[in-house]
Amino acid sequence: MRVWIEAALGLIFPAARPPRPWPRLERPFCERCAEPFPRPVADSFVCANCRDREWSLSRLRAAYLERGSVREAILGFKYRRQFHLRPWLGRWLEDGFRRHYATERWDALVPVPLHPERRSQRGFNQSAEIASWAGKRVGVPVVEALCRVKATSPQARLSRAERLRNLRGSLAMGRGFDPQGRRLVICDDVFTTGATADACARILRRAGAEEVVALTVARR
Ligand SMILES: [Zn+2]
């Protein structure tokens, strides 16, 4: 209940001065994982990490790098329940969508799911909240197509190998959505290695999705 009161207050009294997002994620970067590259590169450039890695996602993109006010806003929204930040995070995700994906047709935005236990502790799923804000503005429906079937320990302090182990078997298709032939955008607040978004993509691709990409507010 408190969550919704705070969310409503956030709509009525949005942050007086919006946090200024900085810096944007822009080319040159790896075509697959968007790792920024210091020198100009061809549009088809793929970083060394991605060359030896099997991805289910065809691309990962973010609106910003996870620094300064962007990092503060993400943490404030997720862990300190600062609901007035939701519209800003939603707008930043919308900005990322417009810059990276708007020229293509997408069937749905799919938020990264939270385990029901964590969702009830936190009171909301930050990815779904941000995606629903952005989805309305870019005219793409938001579908909570995936669910967590196993609680995982928080990914933040784990290495990539540990993240993969942690994720194995933790995600599944939810009910009521058939991804067959669909083009989908996985949405989250932030990505580090992309392991979580890629695990989501693997489930959706196995269930028949035509293409799955990822979009986050920020990239570490
Ligand atoms: Zn890469």
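The values are calculated or read from the model by the stated rules, or taken from the named source; none is laboratory data. It should be emphasised that the depicted structure is a prediction, and the values quoted were computed from it without experimental measurement. So basically every Cβ, Gly included, is an ideal-geometry build from the backbone, and we count neighbours across all protein chains shown. For the accessible areas, the whole protein counts, side chains as well, though only heavy atoms, and no ligand, DNA or RNA atoms are used. Shrake-Rupley method; radii C 1.70, N 1.55, O 1.52, S 1.80 Å.
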Taking alpha-carbon centroids only, the stretch 135-180 lies from the stretch 29-75 a number of Å equal to 19 Å
Computed over the chain, protein heavy atoms only, probe 1.4 angstrom, the accessible area per residue in square angstrom equals 51 Å²
Once all protein chains are kept in place, HIS84 shows an accessible area at probe 1.4 Å, nearest 10 Å², of 60 Å²
Expected sort for 143-155, 37-49 on mean C-beta neighbours within 10 Å, highest first, is 143-155, 37-49
With a 1.4 angstrom probe the carbon and sulfur portion of accessible area for the chain, in percent, totals 51 percent
